[in-house]
Amino acid sequence: MGYESIPLEKFAEVFSSTTELSSVALGGKVVAVSDEFFAEAFHLLRVEPAPKLTGQFGPNGALYSGWETRRHNPSSDWCIIKLGTTGTLVGFDIDTSHFNGNEAPEVSVEAVLSSTEVGAPGDAEWTEILPGVPLGPSSRHLFTIPETSRFNYVKLNMYPDGGIARFRTYGYVAPVHPADPAEPFDVAHVFAGGRVVFMSDQHFGAGSNLILPGRGKDMGDGWETKRSRQKDHKDWVIIKLGTQAMLSTVEIDTNHFKGNFPESIELHALQSADDVPDSDSAQWTSILPRTKLGPHRRHFFQLEGGQGVEYTHVRVTIHPDGGIKRVRIVGTRADGVLSTAPGVLGSESEVETNPSSDVAPPFTKTTTASGPTTTVPVLPLTAEAFAPFGQVIQAYGDHASAPRGVKITPANMGTASKFHKLALLKSSYPPDSGDTTGLSVYRCKPSDVTNGYMDLKVLERHPFTNQAFIPMGGGGFEGDEALRDPGNAYLVVVAHNGSDDKPDVSTLRAFIANAGQGIMYNTAVWHQPMTVLDKPMDFTCVETQIGNGDIADCEIVELNEIGRAIRLKIQ
């Protein structure tokens with residue numbers, strides 16, 4: 001097989017659109033090695049450049065961050081690497097940094113696709129993909145090869161022995177997609193074939209980290225830009241999705257970014273045949289308006305952007321700068337149809353794709369025997385996503401992970417932390433109405449969930465007041481067995497008011513909250529009555545009423561009476 005040696009200054013030009021398939025960040029690992037007497041082979045796959053360890057010695061000699069074998073091998077040494085995922089290969093970065101006089105003078109690379117574990121050279125029939133090439137001391141050596149067929153193991157051979165600091169295998173992921181085209185999945189994930197194809201800045205952390213598996217280990221394996229000093233500055237990345245898809249939700253993770261997370265974020269999407277579309281193109285459609293972020297946690301948002309629209313690229317813009325750990329963009333393949341589920345699709349159903357529909361994504365609008373039904377995803381409750389509708393009342397793991405602006409002070413002689421005024425009570429009753437604020441308790445029975453779906457039947461609002469609901473622990477009074485084993489999850493469903501003075505279904509959002517989270521509904525926000533899952537729960541309600549509530553501050557709308565059928569997708 002032929003190859004080409006590439007100058008180091010052309011690295012970005014040649015490899016920027018590829019994926020480092022051997023990286024430990026993708027799950028690449030050394031599975032077998034002929035010898036590693038002086039330095040262990042696992043160093044080859046480390047993400048960071050090899051540090052200089054001059055003057056440091058271990059029991060076997062000088063220390064190196066790399067793979068180094070004994071002297072005087074009569075033939076060659078080898079190292080078998082299982083790639084993080086199956087893919088086609090196009091090139092290598094073979095780095096001998098800091099190995100000077102003890103570098104490997106020559107290497108070759110072989111590969112195999114195997115459905116069984118490969119633990120020794122004789123376990124498989126290897127194909128040579130890079131013939132023997134010379135290496136020099138303390139330098140990076142870049143090689144390209146014609147794109148190969150799919151492989152999941154590579155074998156690095158060194159002739160006859162010596163040291164190599166880093167070994168990086170570049171190529172294209174063989175995408176992994178659900179068998180069911182209607183099953184939602186992370187269409188931006190590297191294993192789905194997603195690629196970060198443009199970064200405005202990546203001073204402290206590479207943009208390609210955004211689509212890696214897992215949540216990382218520190219700030220170093222996320223995307224982080226340098227500090228900006230210009231007014232209205234922004235940074236952005238463009239992600240090419242692993243498949244053309246209809247998008248529904250997004251997760252933005254700021255894990256480990258506590259004092260340097262972005263102030264806010266927005267997402268746009270488009271459909272393009274270009275690998276790297278124009279960042280300034282008017283074709284970009286907003287799918288998440290500018291929304292504030294918080295430190296060191298996962299944020300979940302529903303996406304907007306047009307009923308049934310298919311996209312190939314997503315632009316993630318942060319204001320003004322900062323760091324993000326991961327971006328997960330959930331959607332379904334463009335060739336997919338909705339999975340059969342109760343009331344969603346069946347033998348008497350058909351997908352409604354009318355672009356003029358009054359139902360905005362990420363909802364799925366279907367038609368069943370009983371009429372049009374809108375299916376809404378239920379996302380984990382976060383303060384940022386809930387902010388347009390009210391406040392989330394909860395403590396945080398440490399001061400650095402609390403939302404910006406939350407005052408936290410020691411309390412109880414240092415045995416507690418106080419999170420001040422997470423929600424303020426408000427009332428707009430007429431003057432001299434005699435309203436008072438008090439605490440009530442709601443004991444809620446679990447609601448019916450069928451195959452992960454629940455019908456939303458009513459919404460209510462309180463035109464004069466806001467309301468807080470705080471989950472209570474189990475126990476009850478002596479002899480009360482109802483809540484000895486309480487539930488720990490409940491639903492929060494909200495919507496803004498529409499032009500017809502009824503709930504605006506296009507603004508409806510659904511969240512799942514845990515027993516450590518309370519919520520405060522803003523005045524006049526439409527919401528589902530308290531709805532618990534699995535087991536009963538008690539809630540303390542903080543509310544302002546006139547007398548005992550005989551003068552009602554509650555309006556209820558039956559959704560079927562206004563021609564709305566809503567189904568919540570909880571799974």
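The values are calculated or read from the model by the stated rules, or taken from the named source; none is laboratory data. The structure displayed is predicted, hence computed values, not measured ones. Cβ: placed from backbone, ideal geometry, glycine included. Neighbour counts: every protein chain shown. For the accessible areas, the whole protein counts, side chains as well, though only heavy atoms, and no ligand, DNA or RNA atoms are used. Shrake-Rupley method; radii C 1.70, N 1.55, O 1.52, S 1.80 Å.
Restricting attention to the range 430-445, which residues are open to solvent by 100 Å² or more (accessible area, probe 1.4 Å) and assigned to a loop (DSSP other than H, G, I, E, B)?
Scanning the range 430-445 gives PRO431, ASP432, LYS445.
Mind counting the residues in the range 301-311 that are over 13 Å from LEU267 (Cβ atoms) and surrounded by 21 or more Cβ atoms within 10 Å (Cβ to Cβ)?
Residues in the range 301-311 being over 13 Å from LEU267 (Cβ atoms) and surrounded by 21 or more Cβ atoms within 10 Å (Cβ to Cβ): 0 in total.
Which of the residues spanning the range 9-34 are touching a Phe, Trp or Tyr at 6+ places or on another chain (Cβ under 8 Å) and among the aromatic types (Phe, Trp, Tyr)?
Across the range 9-34, the qualifying residue is only PHE15.
I'd like the residue in the range 17-67 that is β-branched (Val, Ile, Thr) and within 30 Å of GLY214 (Cβ to Cβ) and, out of all such residues, is surrounded by the most Cβ atoms within 10 Å (Cβ to Cβ).
THR19
Which of the residues spanning the range 414-432 are hydrophobic (A, V, I, L, M, F, W, C) and over 30 Å from the mean Cα position of the chain (by Cα)?
Residues satisfying the conditions are ALA416, LEU424, LEU425.
Results for (1) β-branched (Val, Ile, Thr); (2) at pLDDT 95 or above; (3) open to solvent by less than 30 Å² (accessible area, probe 1.4 Å), shown as yes or no for each residue.
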position: THR374; (1), (2), (3): yes, no, yes
position: GLN391; (1), (2), (3): no, yes, no
position: GLY397; (1), (2), (3): no, no, no
position: ALA400; (1), (2), (3): no, no, no
position: VAL406; (1), (2), (3): yes, no, no
position: ALA411; (1), (2), (3): no, no, yes
position: ALA416; (1), (2), (3): no, no, no
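Could you check the range 172-223 and list, in sequence order, the residues that are open to solvent by less than 30 Å² (accessible area, probe 1.4 Å) and on the phi > 0 side of the Ramachandran plot?
Once the filter is applied, which keeps residues that are open to solvent by less than 30 Å² (accessible area, probe 1.4 Å) and on the phi > 0 side of the Ramachandran plot, the range 172-223 yields only GLY193.
Here are the criteria: (1) open to solvent by less than 70 Å² (accessible area, probe 1.4 Å); (2) touching a Phe, Trp or Tyr at 6+ places or on another chain (Cβ under 8 Å). Tell me which single one ASN152 does not satisfy.
Only one criterion is unmet by ASN152, namely (2).
Would you be able to say whether some residue in the range 68-91 is open to solvent by less than 20 Å² (accessible area, probe 1.4 Å) and either touching a Cys at 6+ places or on another chain (Cβ under 8 Å) or not in a strand (DSSP E or B) (or both)?
yes
Provide a single number: the residues in the range 257-295 that are open to solvent by 50 Å² or more (accessible area, probe 1.4 Å) and either at positive phi or part of a loop (DSSP other than H, G, I, E, B) (or both).
12
Select from the range 235-282 the residues that are farther than 19 Å from THR312 by Cα and charged (D, E, K, R) and list them in ascending order.
Residues satisfying the conditions are ASP235, ASP253, LYS258, GLU263.
Please count how many residues of the range 543-558 are surrounded by fewer than 20 Cβ atoms within 10 Å (Cβ to Cβ) and either modelled with pLDDT under 80 or touching a Pro at 6+ places or on another chain (Cβ under 8 Å) (or both).
Residues in the range 543-558 being surrounded by fewer than 20 Cβ atoms within 10 Å (Cβ to Cβ) and either modelled with pLDDT under 80 or touching a Pro at 6+ places or on another chain (Cβ under 8 Å) (or both): 9 in total.
Quick one: ALA515 ticks every box in (1) in contact with a helix residue (DSSP H, G or I) (Cβ under 9 Å, 6 or more places away or on another chain); (2) surrounded by fewer than 19 Cβ atoms within 10 Å (Cβ to Cβ) except a single one, so which number is it?
Of everything listed in (1) in contact with a helix residue (DSSP H, G or I) (Cβ under 9 Å, 6 or more places away or on another chain); (2) surrounded by fewer than 19 Cβ atoms within 10 Å (Cβ to Cβ), ALA515 misses just condition (1).
Quick one: in the range 96-129, which of the residues that are hydroxyl-bearing (Ser, Thr, Tyr) and touching a residue at least 40 places away in the same chain (Cβ under 8 Å) is nearest to MET158 (Cα to Cα)?
Top of the filtered list is SER108.
Here is a list: ALA400, ALA385, ALA395. Which entry is assigned to a loop (DSSP other than H, G, I, E, B) and in contact (Cβ under 8 Å) with a residue 40 or more places away in the chain?
Criteria check complete, one pass: ALA395.
For the subset of the range 233-256 comprising residues that are in contact with a Lys or Arg (Cβ under 8 Å, 6 or more places away or on another chain) and not in a strand (DSSP E or B), which member is farthest from LEU381 (Cα to Cα)?
Among those that are in contact with a Lys or Arg (Cβ under 8 Å, 6 or more places away or on another chain) and not in a strand (DSSP E or B), it is HIS256.
In this structure, does SER499 turn out to be touching a helix residue (DSSP H, G or I) at 6+ places or on another chain (Cβ under 8 Å), without any contact (Cβ under 8 Å) to a residue 60 or more places away in the chain and either loosely packed, with under 14 Cβ neighbours inside 10 Å or assigned to a strand (DSSP E or B) (or both)?
no
Does at least one position in the range 452-470 carry a residue that is assigned to a loop (DSSP other than H, G, I, E, B) and without any contact (Cβ under 8 Å) to a residue 24 or more places away in the chain?
no
So ASP232 fits all but one of (1) more than 18 Å from LYS292 (Cα to Cα); (2) charged (D, E, K, R); (3) in contact (Cβ under 8 Å) with a residue 12 or more places away in the chain; what number is the exception?
With respect to (1) more than 18 Å from LYS292 (Cα to Cα); (2) charged (D, E, K, R); (3) in contact (Cβ under 8 Å) with a residue 12 or more places away in the chain, ASP232 is out only on (1).
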